[in-house]
Amino acid sequence: MSRRQTLTVDGYYKNLKKIADFVTAAARQAGMDEDEVYAVQMAVDEACTNIIEHAYGGEGRGKIRLTCQPLPNGLQVTIHDQGRPFDPAKVPVLNPNSPAETRSPGGMGLFFIYRLMDRVEFQPSSAGENRLVLVKQRKTQP
Amino acid sequence: MSRRQTLTVDGYYKNLKKIADFVTAAARQAGMDEDEVYAVQMAVDEACTNIIEHAYGGEGRGKIRLTCQPLPNGLQVTIHDQGRPFDPAKVPVLNPNSPAETRSPGGMGLFFIYRLMDRVEFQPSSAGENRLVLVKQRKTQP
Amino acid sequence: MEVTHKQLRRCDLVTVSGRIDAATVKQLSDVLSEIKNAGRYNIVLNMKNVTYISSAGLSELIDTQNTCKQLNRGELVLAEVPDRIMDVLKLAGLTSLFKIFTTETEAVGYF
Amino acid sequence: MEVTHKQLRRCDLVTVSGRIDAATVKQLSDVLSEIKNAGRYNIVLNMKNVTYISSAGLSELIDTQNTCKQLNRGELVLAEVPDRIMDVLKLAGLTSLFKIFTTETEAVGYF
Ligand SMILES: Nc1ncnc2c1ncn2[C@@H]1O[C@H](COP(=O)(O)OP(=O)(O)O)[C@@H](O)[C@H]1O
Ligand SMILES: Nc1ncnc2c1ncn2[C@@H]1O[C@H](COP(=O)(O)OP(=O)(O)O)[C@@H](O)[C@H]1O
């Protein structure tokens, strides 16, 4: 099992690619199959997009720090930001069974995060650093 | 320089493929480049199609014999049949500059034979075997 | 990401490749807007070489479809959608919103 | 030789591969006749994998074009014509008779 890895980037959308490469490599090292790797990449991409867009209210307002920690049976990704605290209970998550023609825009990012990961914990902080803990379990042993 | 080769087939259109493979191989052995090989193949295909269609007046009425003879600077293909003798002077050959919309059908086969080969000699025979001598010169030394 | 665009007689063909995320989606939406602004609403999006699409990309597709379908003036259809991207469309319940064709030819031939 | 046929909304796509000679041209002309007999005269012929065409094949293309263009009811266009086959079309002075498209998509999108 490989070690904990950290990446810190400035909150620009153009860094989403770097973030994706970072978590993709970590998920592969943690023995995940390509479906699981893709799921982790997508959940993290959605979460970081939300941090830039909503927590910071735009690009270039703060940093995003990611920590990848292999677990005995999966991978934990923790994402830190210093933006506005966020309580997910207050926003409606997309219902994918609602007809696509009449959906209100938005809500899709959180839907994917919850749907793709096995554990999702927003830990807002009014003083300092928000944390989002994401855990993906492996289906198969590496 | 390789040797003289002969192929005899019954006059069926389905044997055109066999004929093409035979002259293609002979043209390659004679050191021709792929443009020249294609030219030989096409001229021979048109000539044999005409033998079946016009000299024999249909399929299954007689044989076609082909002889490939390497020359110092090219390849000679001689095609023999026992059908109706044919004098090419009596038929109009296609003018490729005439507008395609208003052309009368036919005449294209002979056009390609003359255009693609360096020497074309119909040697009709009222008693026995017609011969068609086709020569293609090589542009480059093998 | 790369986006190319070709105007055909009855539809516009847009080919997008690479990642469609919050950073790159603008490039795609610029091309789609240009087409819609020209009063053209029949669009084929070839996704053959798309490696990733986030909700930002999906939102752009939904918006474009809604704009195109307004007043029955047209439609956005998808072509050559990779399995991975198809899974994402299914997950989000979006497969009924788009006609999806296996080949680009069938997609263009639909209009 | 193989011939496949797909009916699209505005045109029919015919894909032919291998040798088009006096033996095989019937297979192609059967498919083309079926389309014309169905009253459909916009045809795309994809020649990508054609290795050889003789005057028998060219005559079939000319005949089909003439039938299609009658009364302005349609047109035969060619797609993905290999260099070798293009040389033959040029030699016979036929390149002005057919619109020739680099890609199948453009050919289908022409109708
Ligand atoms: N990290 C965050 N900080 C603050 N607000 C957030 C955060 N993530 C999501 N939100 C809020 O939740 C809503 C739903 O998010 P999401 O499902 O990603 O859809 P979208 O971002 O397209 O609106 C957002 O509109 C925003 O109000
Ligand atoms: N080997 C042959 N024997 C008899 N007649 C021939 C032969 N080759 C060609 N012809 C005659 O020459 C005409 C032109 O031949 P060609 O240019 O191949 O066109 P097509 O065969 O399509 O009519 C034929 O219609 C036929 O009358």
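Before moving on, here are some points about what is shown:
- Single residue of A:G107, A:G60, A:G11 found to be within 14 Å of another protein chain (Cβ to nearest Cβ), away from ligand 2 (no atom under 16 Å from the Cβ) and within 30 Å of C:Q65 (Cβ to Cβ): A:G107
- Residue within region C:83-100 that is within 14 Å of chain D (Cβ to nearest Cβ) and assigned to a strand (DSSP E or B) present: yes
- Within region D:1-54, strands (runs of 3 or more DSSP E) holding 1 or more residues that are among the hydrophobic types (A, V, I, L, M, F, W, C) and within 14 Å of another protein chain (Cβ to nearest Cβ): D:12-20, D:42-53
- Residue in region B:73-83 that is surrounded by fewer than 16 Cβ atoms within 10 Å (Cβ to Cβ), modelled with pLDDT of 95 or more, of a type outside the set (A, V, I, L, M, F, W, C) and assigned to a loop (DSSP other than H, G, I, E, B) present: no
- Taken over region D:77-111, the residue count meeting the criterion of being aromatic (F, W, Y) and farther than 10 Å from D:V44 by Cα is 1.
- Test: residue in region C:63-79 that is outside any loop (DSSP other than H, G, I, E, B), without any contact (Cβ under 8 Å) to a residue 40 or more places away in the chain and under 24 Å from A:N15 (Cβ atoms): no
- In summary, D:A38 fulfils each of the numbered conditions (1) over 14 Å from the mean Cα position of the chain (by Cα); (2) modelled with pLDDT under 95 with the single exception of condition (2).
- Residue that is more than 14 Å from every other protein chain (Cβ to nearest Cβ), of a type outside the set (A, V, I, L, M, F, W, C) and closer than 23 Å to B:Q29 by Cα, where the choices are B:R115, B:R119: B:R119
- Candidates are the residues of region A:9-44 that are closer than 26 Å to A:G107 by Cα and of a type in the set (S, T, N, Q); the one that is surrounded by the most Cβ atoms within 10 Å (Cβ to Cβ) is A:Q41.
- Selected residue [within 14 Å of ligand 1 (Cβ to nearest atom), surrounded by 13 or more Cβ atoms within 10 Å (Cβ to Cβ) and over 22 Å from C:F98 (Cα atoms)] from A:G107, A:G62: A:G62
The values are calculated or read from the model by the stated rules, or taken from the named source; none is laboratory data. Keep in mind it's a predicted model, so treat the numbers as computed, not measured. Virtual Cβ from ideal backbone geometry, glycine too; neighbours counted across all protein chains shown.
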